[in-house]
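S.K.: The following block contains the structure, expressed as structure tokens.
Quick note: the coordinates plus some simple rules give every number you see, no bench work behind them. Predicted, not measured: the structure shown is a model, and the values here were computed from it. So basically every Cβ, Gly included, is an ideal-geometry build from the backbone, and we count neighbours across all protein chains shown.
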Amino acid sequence: MRLLILFALCIAVSLQMDQGVIPDKFFGRFTLERSENFDEFLAAKGVNWLVRKMIQFASVTKVIAKNKVAGYNMENLTSKKNTLYHGWKLGETFEADGLDGNRHNVTFTFADDTLMEKHVRLNDPNDKGETYYFNIDTDDKLVLKMENNGITCRRWFKREKEAK
């Protein structure tokens, strides 16, 4: 019986630790190259036409890196507003500003070669949250997938070459 309990504990710990590490291929600076169904995605969220057009014309750069002290950094750099998430750890929730200007609970996880970023708005008790899925494709582009009300949107970010 003790062996069974020890075995179950080891499995639970290993599943917790499986959040582990983000592969190096995700690290870098990525600039928005193109989008698919982005306008439809924003419309499904109830964003009005003028605001959708302003969002679509904004430049977007994503920076994913290891934090020098602990954990990771994710920066969303836009011509309108930046969000800087520094020092987060996989599976741990933290509070931060979202691109919409509201406070969010943010949690990053990693599984099946996908980095997931979940946001839950703190000002809306009924908010079910949104999850953004990041992958690196065969062309070394960061691909962001988002879904809302049956609409799937993808955005491709081209890796910037490192300065030498």
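S.K.: Does the range 56-75 contain any residue that is closer than 19 Å to Thr152 by Cα and surrounded by fewer than 15 Cβ atoms within 10 Å (Cβ to Cβ)?
M.R.: yes
S.K.: Against the conditions (1) of a type outside the set (A, V, I, L, M); (2) over 24 Å from Pro23 (Cβ atoms); (3) surrounded by 12 or more Cβ atoms within 10 Å (Cβ to Cβ), where does Glu95 fall short? Just the number, please.
M.R.: (3)
S.K.: Among the listed residues Met116, Met146, which satisfies the condition of being within 19 Å of Thr31 (Cα to Cα), of a type outside the set (Ser, Thr, Tyr) and free of Cβ contacts under 8 Å to residues at least 60 places away in the same chain?
M.R.: Working: Met146 fails: free of Cβ contacts under 8 Å to residues at least 60 places away in the same chain.
Residue meeting the stated conditions: Met116.
S.K.: Considering only the range 62-92, state which residues are of a type in the set (S, T, N, Q), farther than 14 Å from Tyr132 by Cβ and under 13 Å from the mean Cα position of the chain (by Cα).
M.R.: Scanning the range 62-92 gives a single hit, Asn73.
S.K.: Something else about it: Pick out the one residue from Thr152, Thr131 that is of a type outside the set (D, E, K, R), surrounded by fewer than 17 Cβ atoms within 10 Å (Cβ to Cβ), touching a His at 6+ places or on another chain (Cβ under 9 Å) and within 23 Å of Glu36 (Cβ to Cβ).
M.R.: None of the other options fit; the residue is Thr131.
S.K.: Just to be sure I understand, how many residues within the range 56-95 are assigned to a strand (DSSP E or B) and not aliphatic (A, V, I, L, M)?
M.R.: Step one: filter the range 56-95 for residues assigned to a strand (DSSP E or B), giving 60-66, 72-78, 83-88, 93-95.
Subsequent filtering for residues that are not aliphatic (A, V, I, L, M) retains 61-62, 66, 72-73, 75-76, 78, 83, 85-88, 93-95.
So the answer is 16.
Residues checked against (1) over 20 Å from Leu122 (Cα atoms); (2) of a type in the set (Asp, Glu); (3) in contact (Cβ under 8 Å) with a residue 24 or more places away in the chain:
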| residue | (1), (2), (3) |
| --- | --- |
| Leu50 | yes, no, no |
| Lys62 | yes, no, yes |
| Asn73 | yes, no, no |
| Ser79 | yes, no, no |
| Glu92 | no, yes, no |
| Ala96 | no, no, no |
| Asp100 | no, yes, no |
| Thr107 | no, no, no |
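S.K.: Looking at the range 29-55, which of the residues that are within 20 Å of the chain's Cα centre (by Cα), in a helix (DSSP H, G or I) and aromatic (Phe, Trp, Tyr) is surrounded by the fewest Cβ atoms within 10 Å (Cβ to Cβ)?
M.R.: Here the answer is Phe38.
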